[in-house]
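Here is the structure we will look at.
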Amino acid sequence: MRDATPEQTPETVHLADYAPVPVTVTHLDVSFQLDPKATRVSSRLTCKRQGPGEMVLNGEGLKTLSVTLDGVPLDADRHTLGDRTLTLHDAPDEFLLETVVEIAPADNKALSGLYMSNGMYCTQCEAEGFRRITWMLDRPDVMATYDVAIDSDLPVLLSNGNERAAGVWHDPWPKPTYLFALVAGDLVATSDSFTTMEGKDVALNVWVRPGDEDRTAYALDALKRSMAWDEEVYGRAYDLSVFNIVAVDDFNMGAMENKGLNVFNSRYVLASPETATDADYANIERIVAHEYFHNWTGNRITCRDWFQLCLKEGLTVFRDEQFSQDQRGYAVQRIGDVMNLRARQFREDAGPLAHPVRPESFVEINNFYTATVYEKGAEVIGMLRTLIGAEAWDQGVALYFERHDGEACTIEDWLAVFEEAAERDLTQFKLWYSQAGTPRVRVTEHFSDGLYRIDLAQSVPPTPGQPDKQPMVIPLAFGLLDREGNEIRPTEVRELTTAGDSLTFDLAEKPVLSILRGFSAPVILEFDRPDADRLTLLAHDTDAFSRWEAGRVLAKDRLMRAISEDAEFDAGWLDAVATLAQDDNAEPAFRALALALPSEDDLAQSLHEAGIVPDPDRIHLTRRAAQMAVAERLANALPDLRAAMATPGAYSPAAEDAGKRALSASLLKLQTMRDGGAAARRVYDTADNMTDRMAAFACLLDVGDPDVAAQFEADWSHDRLVMDKWFMAQVAHATPVDAVGVAERLTKRADFDPSNPNRFRALIGGLTTGNPAGFHRADGSGYAFVTDWLLRLDPSNPQTAARMSTAFDSWRRYDADRQALVREQLDRMAAADPSRDLAEMVARMRAA
Ligand code: 0A1
Ligand code: ZN
């Protein structure tokens, strides 16, 4: 064990220090007398000793009114009541511990623990929010059953499990504290039912504020499809008689998988064609599925400690990605997931916040709900399945559910079932959990005298705290095409396990290599090859991901050369893009993805890796010039191409129509570059759905339409979720010179409420993510503006402030002047006595 540090000072928690609790809790009886300023929480814990040592309970901000042990008030010498700990000295082997505390949910703006949102009470307990409700062993390896009684005049009183009487709930499934939930409010439900494969009837409810009930149908439908899918694909059935979903307006994250009572950020529940875009519908489907799938991967089998977070999150993301592929089509979903991984996780892995999928230490666990734990965690599972094959995967997962149901597990437990099922040693594979950084795979080809050889070399760059890395197991899916584009070797998987390796093939002519098919490993490929090969793949590859990737590499190469060498956009590339855009044999959604140029942030990172200091303004302008070149190349074909994407009839959020609207939106953007917004104005004025309206709105903002923002506001000022889009779009589509000014002006509005995380993220994220050239303005005004707001939010909501501070994690890419300006702001945050959450993030970013 490390030296004890005094209470209150940020303490680093280490995986290596894990020890089970000496006294555990097997059952909780909790009753709540709800009151905004003085909620009384009375709890009775059934405690059981399992080893020697003191029992140390967690509490935070609790006004403790009484503590009794087996009904007797505790003597001063038998316990120590600290600010954040309640220590019981020489506790007996079995006993009941009763506490009464008072808390003030109306004052809780951190949105962790019990808080209020628009008049309703709700909870968020992951990761360590339960301790803000009452004294308890607030850690995931303590699993208990719960009886909850809620006393309030509010009409709807919900908690986990099954309802025994009004406001009285029993959860028979042992769970950790982080899965506890309570909701009380004036809510209405849209209800349905589902009969499980075991023949059990489950009542399904989506609870929302009155007035929102006409926007719940899609979430409910997604829930039923998720329940059916988990039965079909994983054999997992639901295990309570009711499943409740509640939409909450003020929520730090997307949603939360509390047992039987999922709490959602309202933006991931509420949808109607008039108010939600296709992307919103897709997110609702994915997140409803994600939270539902947690019932088995997370709830029935949970994490031993927070270092094992990827055990539930990586696996559940993997499952929700599989589900979305099944619902929406493999290729397009996979490309979208890879784009997201690269935009968020590769960026994280390349900077000062890089950490392993299973981190080894943290100060504040809430800072580790990251793209690395979630999305890279899912990729690691995908690789495992590729390496051992579908059959061993199915057997291993079945064994995992059978062996560990009701337990709090580790990555070692997880890997052990696959070692057994596949009869394979996974020691080297486990490096994916412990080594941070995105591996590079360098590919070189040689052909002579009928022998084709591929040389492969891997390396993993140094990351904070990890200067040296060992070779990883990298599954490389590949196939070979002939020069005409016919596949001469279908997909097979080879494993790269050493620093370098070669593959050889006897062939009459040099083939076209299609490698990393399906993005078989989360690596960066370094492969200098002739354009002709990429054009062949773009036109003919049988693997849709690789086809798209060939186009993306071509586009990136053009953009990088235009930025660094002023190179022109050549006709060969423009022809290839135009051909694909007009290829009626390809799905519209795929064509839309193929038309999307690499983002400004992606280009900045790639330039940096190529040893070129990125200039955000130049990147912005060059990317626009490339769009203009594509627009010119397609020119008069644009109106007809768009017309062919019309979706007559009632709006349907299903993938087919959504794909057409996606392509139509890409084409409208190009058309706007030629007609100054005439077509976009027509779409804006006649759109009958938010997808088309937002696409047109963005185009009109791009061309500086003087009226459209006010028109949008006049139509939608009553709708919080739609207005989030309005805030974000105006900042994201301002010119880089105006962006900070636009953002600043918007913060002065009465409806800019920074305590609502969605609104805060819309506006600040609109700048940091949506308008990189505006955020990175050379005068530093973007950096100062964002810092001002982070420091304003931090005292009340540290979690969201810390999360949004990641905007600065790429600062080392930029020129010395910009670096100095960012450093100034990081120093300012460090000196401002920030929360533990923000302090940890700033320290990590400054250290690099
Ligand atoms: N477990 C949830 C996400 C979540 C994580 C942390 C939270 O508070 C710090 C809240 C929600 C999920 O994966 O959906
Ligand atoms: Zn999750």
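Among the residues of the stretch 270-298, count how many are more than 16 Å from ligand 2 (Cβ to nearest atom) and in a loop (DSSP other than H, G, I, E, B). Break it down stepwise before answering.
Our first condition is that a residue be more than 16 Å from ligand 2 (Cβ to nearest atom); within the stretch 270-298, this holds for 270-282.
Keeping just the survivors that are in a loop (DSSP other than H, G, I, E, B) gives 270-277.
Looking only at that region, the number is 8.
Looking at the structure I just gave you, is Ala91 of a type in the set (A, V, I, L, M), more than 39 Å from the chain's Cα centre (by Cα) and not in a strand (DSSP E or B)?
Criteria met by Ala91.
Note down all Cβ pairs under 9 Å where the first residue falls in the stretch 356-371 and is at pLDDT below 95, the second is more than 14 Å from ligand 1 (Cβ to nearest atom), and they're at least six residues apart or on different chains.
none
Of the residues Tyr178, Tyr234, which single one is more than 16 Å from ligand 1 (Cβ to nearest atom), surrounded by 17 or more Cβ atoms within 10 Å (Cβ to Cβ) and of a type in the set (Ser, Thr, Tyr)?
Only one candidate passes the filter, namely Tyr234.
Tell me yes or no: at least one residue of the stretch 135-147 is under 23 Å from the mean Cα position of the chain (by Cα), under 27 Å from Arg49 (Cα atoms) and among the acidic types (Asp, Glu).
For the stretch 135-147, residues under 23 Å from the mean Cα position of the chain (by Cα), under 27 Å from Arg49 (Cα atoms) and among the acidic types (Asp, Glu): absent.
Evaluate the following for Glu321: is it more than 11 Å from ligand 1 (Cβ to nearest atom), crowded, with 22+ Cβ neighbours inside 10 Å, under 14 Å from the mean Cα position of the chain (by Cα) and outside the structural domain of Glu587 (by TED's automatic domain parsing)? Show your work before the answer.
Numbers: more than 11 Å from ligand 1 (Cβ to nearest atom): yes; crowded, with 22+ Cβ neighbours inside 10 Å: yes; under 14 Å from the mean Cα position of the chain (by Cα): yes; outside the structural domain of Glu587 (by TED's automatic domain parsing): yes.
Judged against the criteria, Glu321 is a match.
Does at least one position in the stretch 264-280 carry a residue that is away from ligand 1 (no atom under 16 Å from the Cβ), surrounded by 22 or more Cβ atoms within 10 Å (Cβ to Cβ), over 22 Å from the mean Cα position of the chain (by Cα) and over 18 Å from Arg328 (Cβ atoms)?
no
Looking only at the stretch 479-500, count how many residues are farther than 18 Å from Phe429 by Cβ and outside any loop (DSSP other than H, G, I, E, B). Before the answer, list the steps.
The first filter runs over the stretch 479-500 and keeps only residues farther than 18 Å from Phe429 by Cβ, leaving 479-492, 500.
The next check asks that each one be outside any loop (DSSP other than H, G, I, E, B); those that pass are 479-481, 487-492, 500.
Of the residues in the stretch 479-500, 10 are farther than 18 Å from Phe429 by Cβ and outside any loop (DSSP other than H, G, I, E, B).
Among the candidates Phe362, Phe307, single out the residue that is buried (at least 23 other Cβ atoms within 10 Å of the Cβ), more than 14 Å from ligand 2 (Cβ to nearest atom), in the same structural domain as Cys409 (by TED's automatic domain parsing) and closer than 30 Å to Ala16 by Cβ.
Answer to the check: Phe307.
Since Arg139 meets every condition but one in (1) of a type outside the set (Phe, Trp, Tyr); (2) within 14 Å of ligand 1 (Cβ to nearest atom); (3) under 23 Å from Ala19 (Cβ atoms), which condition does it not meet?
In the conditions (1) of a type outside the set (Phe, Trp, Tyr); (2) within 14 Å of ligand 1 (Cβ to nearest atom); (3) under 23 Å from Ala19 (Cβ atoms), Arg139 misses (2) alone.
Restricting to the stretch 510-539, what's the tally of residues that are more than 25 Å from Arg385 (Cα to Cα), of a type in the set (Val, Ile, Thr) and in contact (Cβ under 8 Å) with a residue 40 or more places away in the chain?
Residues meeting the conditions: 1.
Just a yes or no: is a residue in the stretch 85-98 free of Cβ contacts under 8 Å to residues at least 60 places away in the same chain, of a type in the set (Phe, Trp, Tyr) and away from ligand 2 (no atom under 16 Å from the Cβ)?
Looking for residues that are free of Cβ contacts under 8 Å to residues at least 60 places away in the same chain, of a type in the set (Phe, Trp, Tyr) and away from ligand 2 (no atom under 16 Å from the Cβ), one finds at least one in the stretch 85-98, hence yes.
Which numbered condition in (1) of a type outside the set (Asp, Glu); (2) part of a helix (DSSP H, G or I); (3) within 30 Å of the chain's Cα centre (by Cα); (4) surrounded by 20 or more Cβ atoms within 10 Å (Cβ to Cβ) is the only one that Leu621 fails?
Among (1) of a type outside the set (Asp, Glu); (2) part of a helix (DSSP H, G or I); (3) within 30 Å of the chain's Cα centre (by Cα); (4) surrounded by 20 or more Cβ atoms within 10 Å (Cβ to Cβ), Leu621 violates only (4).
Looking at the stretch 365-379, is at least one residue within 12 Å of ligand 1 (Cβ to nearest atom), among the aromatic types (Phe, Trp, Tyr) and more than 23 Å from Ala19 (Cβ to Cβ)?
yes
Filter the stretch 143-161 for residues that are of a type outside the set (A, V, I, L, M, F, W, C) and touching a residue at least 60 places away in the same chain (Cβ under 8 Å); which is surrounded by the most Cβ atoms within 10 Å (Cβ to Cβ)?
That would be Ser159.
For residues that are assigned to a helix (DSSP H, G or I) and surrounded by fewer than 23 Cβ atoms within 10 Å (Cβ to Cβ), scanning just the stretch 605-616, find the one that is nearest to the chain's Cα centre (by Cα).
Gln605
Taking the stretch 298-314, which residues are of a type in the set (Phe, Trp, Tyr) and within 11 Å of ligand 1 (Cβ to nearest atom)?
Taking the stretch 298-314 first, the residues of a type in the set (Phe, Trp, Tyr) are 306-307.
Listed by number, the list holds a single entry, Trp306.
Name, by its number, the condition in (1) part of a strand (DSSP E or B); (2) touching a Pro at 6+ places or on another chain (Cβ under 7 Å); (3) of a type in the set (A, V, I, L, M, F, W, C) that does not hold for Val142.
Going through the list (1) part of a strand (DSSP E or B); (2) touching a Pro at 6+ places or on another chain (Cβ under 7 Å); (3) of a type in the set (A, V, I, L, M, F, W, C), Val142 breaks only (1).
Exactly one of these conditions fails for Thr177: (1) under 25 Å from the mean Cα position of the chain (by Cα); (2) more than 17 Å from Leu28 (Cα to Cα). Give me its number.
The number of the failed condition is (2).
Quick one: in the stretch 162-175, of everything that is buried (at least 22 other Cβ atoms within 10 Å of the Cβ) and not hydrophobic (A, V, I, L, M, F, W, C), which residue is nearest to Ser241 (Cα to Cα)?
My answer is Asp171.
Check Ser606, Ser652, Ser666, Ser599 and return the single one that is free of Cβ contacts under 8 Å to residues at least 12 places away in the same chain and of a type in the set (Ser, Thr, Tyr).
Going through Ser606, Ser652, Ser666, Ser599 in turn, the sole match is Ser652.
State whether the residues of the stretch 257-264 include one that is in contact with a Cys (Cβ under 8 Å, 6 or more places away or on another chain), of a type in the set (Lys, Arg) and either away from ligand 2 (no atom under 12 Å from the Cβ) or not in a helix (DSSP H, G or I) (or both).
No, the conditions are met nowhere in the stretch 257-264.
Please work out if Val248 is within 16 Å of ligand 1 (Cβ to nearest atom) and under 26 Å from Pro757 (Cβ atoms). Write out each step before concluding.
On the way: within 16 Å of ligand 1 (Cβ to nearest atom): yes; under 26 Å from Pro757 (Cβ atoms): yes.
When the stated conditions are applied, Val248 passes them.
Return the residue satisfying two criteria in turn: it lies in the stretch 26-55 and is among the hydrophobic types (A, V, I, L, M, F, W, C) and over 25 Å from Ala104 (Cβ atoms), and of such residues it is surrounded by the fewest Cβ atoms within 10 Å (Cβ to Cβ).
That would be Met55.
Going by what's in this entry, would Ala421 be described as of a type in the set (A, V, I, L, M) and assigned to a helix (DSSP H, G or I)?
yes
Out of all the residues in the stretch 337-378, which are under 13 Å from the mean Cα position of the chain (by Cα) and under 15 Å from Ser434 (Cβ atoms)?
Phe368, Thr372, Val373, Lys376, Gly377
Being surrounded by fewer than 22 Cβ atoms within 10 Å (Cβ to Cβ), of a type in the set (A, V, I, L, M, F, W, C) and outside the structural domain of Ala847 (by TED's automatic domain parsing): is that true of Ala390 here?
The answer is yes for Ala390.
Of all residues in the stretch 501-512 being in contact with a strand residue (DSSP E or B) (Cβ under 6 Å, 6 or more places away or on another chain) and part of a strand (DSSP E or B), which is nearest to Met472 (Cα to Cα)?
Within the stretch 501-512, the match that is nearest to Met472 (Cα to Cα) is Asp501.
Give the number of residues within the stretch 530-541 that are assigned to a loop (DSSP other than H, G, I, E, B) and surrounded by fewer than 16 Cβ atoms within 10 Å (Cβ to Cβ).
Residues in the stretch 530-541 being assigned to a loop (DSSP other than H, G, I, E, B) and surrounded by fewer than 16 Cβ atoms within 10 Å (Cβ to Cβ): 1 in total.
The values are calculated or read from the model by the stated rules, or taken from the named source; none is laboratory data. All values reported here derive from a predicted model rather than from experimental measurement. We place every Cβ from the backbone using ideal geometry, glycine too, and count neighbours over all the protein chains shown.
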